[in-house]
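Peer 1: What follows is a structure written as structure tokens; I'll ask about it next.
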Amino acid sequence: MEQIKAGKMMKGKIFLSLALPILENAGLEENTIIVFTSDHGDMNGSHGLILKNVLFEECQRVPFIFAGKGISRNQKSGKNKVLGLL
């Protein structure tokens, strides 16, 4: 199951490796904020499950990552902070 998780993370890295040079070449990297999120998580083998059709915490957590000028790196927020953005 760790291979599944690693493969999904690699997809995100590939996307960014393609998108960031395009922004730089267009001169937009200084005026762009990148937001990475998802509908909801997969189980990735937790509790012996793979899909996202249950209410376990692993399935409900989502990535919500911001990157861009003026956004601090490596900052973590509480798991309920996202609700304030809705």
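The values are calculated or read from the model by the stated rules, or taken from the named source; none is laboratory data. Nothing here was measured: the structure is a model prediction, and the numbers come from that model. With ideal geometry, Cβ positions are generated from the backbone for all residues, glycine too; neighbour counts draw on all protein chains shown. Areas reflect the complete protein model, heavy atoms only, side chains present, ligands, DNA and RNA absent. Shrake-Rupley method; radii C 1.70, N 1.55, O 1.52, S 1.80 Å.
Peer 1: Within the set of pairs 6+ apart or on separate chains, which have a first residue in the range 45-70 that is at negative phi, a second that is among the acidic types (D, E) and loosely packed, with under 13 Cβ neighbours inside 10 Å, and C-beta atoms under 9 Å apart?
Peer 2: S46/E57; K52/D39; V62/D39; K69/E30
Peer 1: Of the numbered conditions (1) at pLDDT 80 or above; (2) in contact with a strand residue (DSSP E or B) (Cβ under 9 Å, 6 or more places away or on another chain); (3) not hydroxyl-bearing (S, T, Y), P63 satisfies every one except a single condition; which is it?
Peer 2: (1)
Conditions tested, residue by residue: (1) among the aromatic types (F, W, Y); (2) outside any strand (DSSP E or B); (3) open to solvent by 70 Å² or more (accessible area, probe 1.4 Å).
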{"position": "I22", "(1), (2), (3)": "no, yes, yes"}
{"position": "G27", "(1), (2), (3)": "no, yes, no"}
{"position": "I34", "(1), (2), (3)": "no, no, no"}
{"position": "L51", "(1), (2), (3)": "no, yes, yes"}
{"position": "F66", "(1), (2), (3)": "yes, no, yes"}
